[in-house]
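Chemist: I have a structure here, written as C-alpha cells, and I will follow up with some questions on it.
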Amino acid sequence: MNRIAIIDDSEINLTLFRVLVSKLGSCEPLVFQESPKGLEWCSENLPDLIVVDYMMPEMDGLRFISLLRAIPGREEVPILMITANDDKDIRYEALEIGATDFLTKPVDRIEFSARVRNMLALGASRKKLADKASWLAEEVAKATAAIHAREQELLFRMSRAAEFRDPETGAHIQRMAHYSCLIAGRLGLSPEDQQLVLQAAPMHDVGKIGIPDFILLKPSNLTPEESAVMMTHATIGFELLKGSESTILQAGASIAISHHEKYDGSGYPYGTAGEAIPLFGRIVAVADVFDALTSERPYKRPWPVDRAAAYLRDTAGHFDPSCVEAFLASWGEVLDVYAQFQDAEIPLL
Amino acid sequence: MLSVNALYHRAEAIERLGGDEALYVSVASLFIESSAGYCAALEAAVRAADMAALRREAHTVKSMLATFSYEAGRLLALRLEELAASGNFDGAQALTDELVAAVKRLVAALATEGASGAT
C-alpha cells in the first residue's frame, strides 16, 4: 500500500484529493489541513509521495518542501506541488528547492492520476536501485572479508611452515601474537594497529626457513660461527617479506628484522637502540622472549610464569620498559592466553 | 439570477473530475458549506488591510472557483490576488466586495442546481 501525504489548507481540496487517491487503488491518503502537522508526520513516517499546496497559512508549500528536504532520509521522496497556472515563478523556485513535479489547478483527475502513478513508479524504481546498491555493498564486504580471511590463513600457514622444523610449535605463534596484541592495546595503539600486530607477529621467525637443520635443531649451545648463521634469520625473514603492498606483510618484515634488537643497542642484526627500533619489533621482543621462557624445549623445562615476568622486569637494557610495563599490566589477560593456547591442535588466528 | 449554465460550466467541471458526478456533488456541497467562511476571511483581511492574508484568501477562492469552471469569478480572484501581492491597497475593498458577490452567486447557482436535482 502506497502512503500518500496530502497537505492543503482547503478542506475541499483535501476531500477532492482524498477521493482521487483512493480511486487509484493500493494507495492510502493521509490528509493534513495544517502544514506543520503534515511536516511532522512526514518526518516521523516515510511517505511514498507527498502532494502539497503552495499557498497555505503558517507555512507555505515552498517552506514545507525546503524543511522536508533537510530531513535525513527525505531527500528522495517524490513531491507534487499544487500551483495555479499563473505561478510560473513559484514553480521555478519549487523545482530549485526540491519539488519533483507539479499539478495545476483546477485539478484534473486524469492528469492527477497519471502524475501520481508515474511518480510512485519512479519512487519504487529508485528504492529498488538503492536496495540493490545496499545489497551489492554487503556482498562486496562479505567477499572482502573472505579474501582477508584467506590472506590471514595463508600467512599463518607460512609462519607454521617456518616453525615446522623448529622445536617451537603453532601454539607458540598464537601465544606470542596475542601477547603482542595485548601490549599494543595497553600502549594505546588503535584497534587497527592491534589487529595488525596480531596478524603480523606470527611471521617474526619466518627467516628460519633459511637456517640449516644442523644449526636450527642443534640440541647444545651454538658455536660463535653457528650463532652468526642463526642470527641471519632476521634479515632472511625481512628479505622474504619486504616490498609487498600488503600492510600485514610490511609489518611482518619490520618485525622480522627488528625483534632481536635490544633496547640498549646490543641486539642484532644492526645494533639499533631505543625508539629507533620499530615499535612492533619492541613489542614482539617482549612477547617472544616471555613465551620462549615459559615453553618447554628439548634443552630446558618451561619457566614458571612469575619467574619469566621477573626476568622481563629485571633485565635492564634488553627490552623497551614501556612494553614490559604494558605486558605486566595485562597480566590477567596474559594468563588467559597462556591457558588458552596450549601445545595441541589449535585454530587459526 | 444568471442561469446556471452561463455562470459556470458544470459539464466541464465534471469532466475534469473524470466524469465522477458523485465526486462533483460532494465538492459542490462542501463549497456551499464553506463559502461563508471564505467570504468572511476575505472581508476580515481587507478590513485589517492585511495584504498577505488577502492574497492568500484570494488565491484559495481562485482555485475553488476554477474547480467549477467559473471563469469570471476566477479572474476576479486573480486580480485581487495580484493587487494584494503588489501591496497596493487602492481598490482592494471594491474588488473584495465584487469577489464576495461572485462567490455568493456561485453558491446560489449550485444550491439551485442541487435543489432542482440537476446533480
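Here, each number is a calculation from the coordinates, and none is a lab measurement. Computed from a predicted structure; not experimentally measured. In this analysis, Cβ positions are derived from the backbone assuming ideal geometry, glycine residues included, and neighbour counts consider all displayed protein chains.
Chemist: Given Cα pairs under 8 Å that are at least 6 residues apart, what percent is the relative contact order of chain A? Intermediate values should be presented prior to the final figure.
Modeler: Numbers: 519 pairs, mean separation 42.5, N = 349.
Over chain A, the number comes to 12 percent.
Chemist: Follow-up. Please compute the average number of Cβ atoms from other chains found within 10 Å of each residue's Cβ in peptide A:54-66. Intermediate results must be reported in sequence, preceding the final value.
Modeler: Values: counts 2, 9, 3, 6, 0, 0, 1, 0, 0, 0, 0, 0, 0.
Mean shielding count: 2.
Chemist: OK, next. How many nm is it between the label spots at A:Ile147 and A:Trp41, if each spot is 7 Å from the Cα in line with the beta carbon?
Modeler: 4.8 nm
Chemist: Can you list residues whose amide H is under 5 Å from A:Ile6's amide H, if they're 5+ apart or on another chain and H is modeled 1.01 Å from N?
Modeler: Residues meeting the amide H criterion: A:Leu30, A:Val31, A:Phe32, A:Val51.
Chemist: When 1/r is averaged over all different Cα pairs and the result inverted, which Kirkwood radius in Å belongs to chain B? Spell out each step's value before the answer.
Modeler: Values: mean 1/r = 0.0693 Å⁻¹.
In chain B this quantity evaluates to 14.4 Å.
Chemist: Give the peptides A:231-243, A:184-196, A:119-131 in descending order of average Cβ contacts within 10 Å, highest first. It would help to have the intermediate numbers written out before the result.
Modeler: Details: A:231-243: 18.8, A:184-196: 16.1, A:119-131: 13.3.
The densest-packed peptide leads the list: A:231-243, A:184-196, A:119-131.
Chemist: Could you work out how far apart the two model spin labels at A:Asp131 and B:Ala48 are, taking each label as a point 7 Å from the Cα in the direction of the beta carbon, and quote it in nm?
Modeler: Placing both labels 7 Å along Cα→Cβ, they lie 4.9 nm apart.
Chemist: Quick one: 3J(HN,Hα) in Hz for the stretch A:202-209, Karplus 6.51/-1.76/1.60 with θ = phi - 60°, rounded, Gly and Pro as x.
Modeler: 3J(HN,Hα) across the stretch A:202-209, in whole Hz: x, 8, 4, 10, 4, x, 5, 3.
Chemist: Count of lysine pairs in chain A with Cα atoms under 23 Å apart, counting only pairs 8 or more residues apart in sequence or on different chains?
Modeler: Taking the Cα cut-off of 23 Å, the pair count is 11.
Chemist: Here's something else I'd like to know. With +1 on the Cβ of every Lys and Arg and -1 on the Cβ of every Asp and Glu, and nothing else charged, how large is the dipole of the stretch A:2-134 about its Cα centre, in debye rounded to the nearest 20? Provide the component values of the computation, followed by the final result.
Modeler: Working: 17 positive and 22 negative charges, 144 e Å.
Taking the Cα centre of the stretch A:2-134 as origin, the dipole is about 700 debye.
Chemist: Still on this structure, please answer the following. Of A:Leu95, A:Ile211, A:Met231, which is farthest towards the positive pole of chain A's charge dipole, taken about the Cα centre with +1 and -1 on the beta-carbons of Lys, Arg and Asp, Glu respectively?
Modeler: A:Ile211
Chemist: Return the calculated 222 nm mean residue ellipticity for chain A, to the nearest 500 deg cm²/dmol, obtained by summing -39500 (n - 2.57) across DSSP H runs with n ≥ 4 and dividing by the residue count. Please list the in-between numbers first.
Modeler: Working: 15 runs with 201 residues, N = 349.
Helices in chain A give a 222 nm mean residue ellipticity of -18500 deg cm²/dmol.
Chemist: Please determine, in degrees from 0 to 90 and to the nearest 10, the orientation of helix A:191-200 with respect to the longest principal axis defined by the Cα atoms of chain A, where the helix direction is its Cα long axis.
Modeler: 40 degrees
Chemist: Then there's this: Mind checking the full-extension length gain between A:Met1 and A:Glu58? Use 0.36 nm per residue of separation minus the Cα-Cα distance, one decimal, nm.
Modeler: Numbers: separation 57, 0.36 × 57 = 20.52 nm, distance 3.08 nm.
Extra length from A:Met1 to A:Glu58 when fully extended: 17.4 nm.
Chemist: In terms of modelled amide H atoms, which long-range or inter-chain residues lie less than 5 Å from the amide H of A:Leu103?
Modeler: The answer is A:Met81, A:Ile82, A:Thr83.
Chemist: At 0.36 nm per residue, minus the direct Cα-Cα distance, what do B:Leu75 and B:Val25 gain on full extension? Give it in nm, one decimal, please.
Modeler: 15.6 nm
Chemist: For A:Thr294, what residues show an amide H to amide H distance below 5 Å, using hydrogens built from the backbone and excluding near sequence neighbours?
Modeler: A:Trp303
Chemist: Turning to a different aspect of this structure: Say each of B:Ser34 and A:Asp101 gets a label point 7 Å from the Cα, pointing the same way as Cα to Cβ; how far apart are those two points in nm?
Modeler: That separation, rounded to one decimal, is 2.4 nm.
Chemist: Is there a quick way to get the dipole size of the protein assembly as shown? I mean about its Cα centre, with the Cβ of Lys and Arg at +1 and of Asp and Glu at -1; what is the value in debye to the nearest 20? Intermediate results must be reported in sequence, preceding the final value.
Modeler: Values: 44 positive and 66 negative charges, 132 e Å.
Taking the Cα centre of the protein assembly as shown as origin, the dipole is about 640 debye.
Chemist: Further question on the same structure: Count, for each residue of A:1-10, the Cβ atoms from other chains sitting within 10 Å of its Cβ, then give me the mean as a whole number. Provide the component values of the computation, followed by the final result.
Modeler: Numbers: counts 0, 0, 0, 0, 0, 0, 0, 2, 2, 9.
Per-residue shielding by partner chains comes out at 1.
Chemist: Continuing with this model, one more query. Once the piece of chain linking A:Ala114 and A:Lys88 is laid out straight, how much longer is it, given 0.36 nm per residue of separation minus the C-alpha distance between them? Let's see the in-between values first.
Modeler: Values: separation 26, 0.36 × 26 = 9.36 nm, distance 2.14 nm.
Once the chain is fully extended between A:Ala114 and A:Lys88, it gains 7.2 nm.
Chemist: While we're on this one: Over every pair of different alpha-carbon atoms in the protein assembly as shown, take the mean of 1/r and invert it; report that Kirkwood radius in Å.
Modeler: Details: mean 1/r = 0.0344 Å⁻¹.
For the protein assembly as shown, inverting the mean 1/r across all distinct Cα pairs yields 29.1 Å.
Chemist: May I ask which residue of B:Phe89, A:Gly25, A:Met119 lies farthest towards the positive end of the charge dipole of the protein assembly as shown, with charges of +1 (Lys, Arg) and -1 (Asp, Glu) on Cβ and the Cα centre as origin?
Modeler: A:Gly25
Chemist: In peptide B:58-67, how many Cβ atoms from other protein chains are near each Cβ within 10 Å, on average?
Modeler: Details: counts 1, 8, 9, 1, 5, 14, 5, 1, 6, 7.
That average works out to 6.
Chemist: Remind me, relative contact order of the stretch B:9-113 in percent, using alpha carbon pairs under 8 angstrom and six or more residues apart?
Modeler: Answer for the stretch B:9-113 is 30 percent.
Chemist: Another question, then. How large is the charge dipole for the stretch A:165-340, taken about the Cα centre, if only the Cβ atoms of Lys, Arg (+1) and Asp, Glu (-1) carry charge, to the nearest 20 debye?
Modeler: 320 debye
Chemist: Sorted by average packing, counted as other Cβ atoms within 10 angstrom per residue and highest first, what order do A:288-294, A:47-53, A:27-33 take?
Modeler: Working: A:288-294: 21.0, A:47-53: 25.0, A:27-33: 17.3.
Packing proxy ranking, top to bottom: A:47-53, A:288-294, A:27-33.
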